[in-house]
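In what follows, a single structure is set out as structure tokens and then discussed.
Here, each number is a calculation from the coordinates, and none is a lab measurement. Since the structure is predicted, the reported quantities are computational estimates derived from the model, not experimental observations. Counting neighbours? That spans all protein chains shown, and the Cβs are built from the backbone with ideal geometry, glycine included.
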Amino acid sequence: MDLAIDVEGLHKTWPPEVHAVRGLDLAVQSGECFGLLGPNGAGKTTTIEILEGLVTPSAGRVRVLGRDWAHDADAIRQRIGITLQHTYLSERLTVAEILAMFQSFYHSARAVDEVLAQVSLHEKRDSWFDRLSGGQKQRVAVACALVGDPELLFLDEPTTGLDPQSRRQLWDVIADFKARGRTVLLTTHYMDEAERLCDRVAIVDHGQVIALGRPRDLIAEHVGGIVLNLTTDQPVAIERLQAVATASRTRVDGCQAHLTVENLAAAVPSLLTELGQAGIVLQEMQTHQPTLEDVFVTLTGRHLRD
Amino acid sequence: MALRDSPLWHLTMARLRSWLREPEVLFWSFGFPILLTIALGVAFRNRPPEAVTVLVEAGSGAESVAKALANDKQLTVLTVDHREAARQLRAGLAALSVDPGPPLTVRHDPTRPEARLAKLLVDNAIERSQGRRDVAAIANQTVDEPGARYVDFLVPGLIGMNLMQSGMWGVGYAIVEMRSKRLLRRMIATPMRKSDFLLSFLIMRLVFLLVELPVVLGTARLLFDVRIQGSLVAFVAVAVAGALAFVGLGLLVASRAKTTQAASGLMNLVQMPMFVGSGVFFSIKNFPEVAQPVLRLLPLTALNDGLRAVQNEGADLLGVLPQLAVLGGIGVVTLVLAVRIFRWD
Ligand SMILES: Nc1ncnc2c1ncn2[C@@H]1O[C@H](COP(=O)(O)OP(=O)(O)OP(=O)(O)O)[C@@H](O)[C@H]1O
Ligand SMILES: [Mg+2]
């Protein structure tokens, strides 16, 4: 299968000396929806903007749709659609005017009203951009990315700031796009979004890919089981947690304790026994299916979002 | 491709719409120059020459002298005592004082032009009151020709100033704002041709001219009977060349600035010398001789000179060639430079 995005040994150093990207490799298949996940400052935006031709890399090889930015910039631009992390468009233009302008830049483009309907902005087509809500502006940005009928879509945190309903609508837009055999590269802070939309994700930290694969596989490989989060009246000794039946990946953080268990039915009685023996009172307990967040915590000991 | 589907059309319309939908901008573009024309045109309209104040020293005969002088409308006559007259003369409050005598004596300082004028008028008035007959009949005609009044001088200056201001702000500020809000960056991520984008600003300015010239000239014509004596083609040509020069300067100022504050500072720095030294409100002939060749190279000076030459001196295209050359040269050089160093993000 051919690669929509092919990146090797990518480096970017921002002046004076911020190594935002340090040796990142990425191979995104055509027709795939690929997610970049990582904490603030991990280098996601820098990476995606290099791929969009907006930032020049300090080192590394980048191919987008089989082409090179150095030689084929115009051809690449004709075939990609992008949203920036923060989008401002001309305040005093209407939504339809903005889209018609963007549309005019592309050889083959979609009808403005069709795109507006797709992002549910039809009623706002004649409103000035600065009269829209934050979420509506974000959807205009997505519409601008779609209007050129791209083969490859770059979305930098497309759903940040959207209400749950708009988020789901946008998920549908992305799913539709993918269903037509096209490629998406997106960044997000929402784990449910990544798990639901992305065929594969790369977890990025300090400018490097630290884990790569299908969300399910990553979770199974790095976390597995069921995650328990405990709040206790005093810190638990880590040995007590390790002694819990089927427990793995134990971690104590003050009066918070975390562990992953294979078998919840066996683990809970054993946990209560351990705590009872130590005279510790359990104040709260949560269980959840592990997410990519847990994968990140397992890999780095930090949370994706603080 | 149909014109209305072309990127250049859409970019230009975007510029025009953003501009027309900003009421403040509209005021500064049109309302302000019109108000200024009216205010200054009224304030400096040609008035009858001011009367000259002369004094008559109290004493016998003062009354008949004062009466004789009062016949001349160009004289304001005050009767005061001898000491007060001396004080007012010293203080320059009056041009001359008459001591009714005998002998009738006129005191004045002949180095002051006003005093010399007063002397002539006073001599004339007194001689006439004592029976002198005019020996020659001289017909009198006052000159108040359109083209020679202050308002005729002012209107081209205001048009020039407005072209500078709205050109530099309309282009420079708009671009820097687009850059600081990262809209430029969004635009160049599309296949848009950069030349189309920059060209749309030039076209926008020409459309602006199309509206501004009739509005300002129409107002001046209606209220003050200001007329273009020379060729209209030449007038428009100078204005277009001026618009080009200021689009270039605006682009140059905006080519690298990252914040609107930085751009505003730069813009003021560039405009200030021209506000003062380009003869908007008064002729640059008031500046020292040596400064004038330099002042004439300022784009606003060339623009004002060119507009005035056509409007007031009846110049044609050939007559404003030097100004067209200066403006065109500045326009081309600044545009080329701006495009070379332009920063898109
Ligand atoms: N234009 C720039 N100049 C200098 N440093 C920059 C620039 N852009 C980004 N950086 C730095 O590069 C690092 C990576 O930033 P980047 O925006 O790529 O992170 P991110 O993963 O997108 O974060 P977030 O989740 O907050 O959007 C940060 O330390 C940031 O300060
Ligand atoms: Mg980012």
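Key figures for this structure:
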read-out	value
Rounded to 5, the percent of DSSP beta bridges in segment B:52-129 classed as antiparallel	30
Dipole magnitude (debye, nearest 20) for segment B:52-129, charges at Cβ of Lys, Arg, Asp, Glu	180
Qualifying lysines (Cα of each under 25 Å from Cα of A:Lys44; at least 8 residues distant if same chain)	A:Lys12, A:Lys137, A:Lys178, B:Lys181, B:Lys258
Within straight-line cross-link reach of B:Lys73, lysines at Cα separation under 23 Å, skipping those fewer than 8 residues along the same chain	B:Lys119
Axial C-alpha extent at least 15 Å, average Kyte-Doolittle at least 0.5 - helices from chain A (DSSP)	A:264-278
Kirkwood Rh, Cα atoms: Rg over Rh of chain B	1.20
Label-point separation, A:Arg216 to B:Lys73 (7 Å along Cα→Cβ), nm	10.5
Rg/Rh for segment A:190-230, where both radii come from Cα atoms and Rh is the Kirkwood radius	1.01
Expected 222 nm ellipticity per residue - DSSP helices of 4 or more, -39500 (n - 2.57), all of chain A, to 500	-10500 deg cm²/dmol
Residues A:His71, A:His258, sorted so that the one with the fewest Cβ neighbours within 10 Å comes first	A:His71, A:His258
Net dipole in debye of segment B:145-204 [+1 Lys, Arg Cβ; -1 Asp, Glu Cβ; about Cα centre; nearest 20]	640
Alpha carbon centroid spacing (whole Å) that separates segment A:26-67 from segment B:311-335	51
Peptide A:96-109, shielding by other chains (average Cβ, 10 Å cutoff)	4
Amide H contacts of A:Ala211 (H built 1.01 Å from N, under 5 Å, at least 5 apart or other chain)	A:Ile203
Segment B:52-129: C-alpha gyration tensor shape, a/c 1.5 cut-off, then a/b vs b/c	oblate
Sequence of B:Lys181, B:Lys194, A:Lys44 once ranked by neighbouring C-beta atoms within 10 Å, starting from the fewest	B:Lys194, B:Lys181, A:Lys44
Computed [θ] at 222 nm, deg cm²/dmol, chain B (DSSP H ≥ 4; -39,500 (n - 2.57); rounded to nearest 500)	-19500 deg cm²/dmol
Within straight-line cross-link reach of B:Lys285, aspartates and glutamates at Cα separation under 19 Å, skipping those fewer than 8 residues along the same chain	B:Asp152, B:Asp305, B:Glu313
For B:Arg21, B:Arg343, order by how many other beta-carbon atoms lie within 10 Å, fewest first	B:Arg343, B:Arg21
DSSP bridge pairs, the protein assembly as shown: antiparallel proportion in percent, nearest 5	60
Pair A:Gln283, B:Val339: separation of 7 Å Cα→Cβ label points (nm)	6.9
Packing-based order for A:121-134, B:85-98, A:197-210, using average beta carbon neighbours within 10 Å, highest first	A:197-210, B:85-98, A:121-134
Of the DSSP H helices in chain B, those whose Cα atoms cover at least 18 Å axially and whose Kyte score averages -0.5 or more	B:7-20, B:113-129, B:150-168, B:194-224, B:232-254, B:260-277, B:299-313, B:321-341
Unit charges at the beta carbon, dipole of segment B:52-129: most positive-side option, B:Leu117, B:Val65, B:Val80	B:Leu117
Charge dipole magnitude, Cβ of K and R +1, D and E -1 - the protein assembly as shown, Cα centre, debye nearest 20	1700
Equivalent ellipsoid semi-axes, the protein assembly as shown, via Cα gyration tensor eigenvalues times 5, rooted, Å	81, 31, 20
Chain A: antiparallel DSSP beta bridges as a percent of all, rounded to 5	70
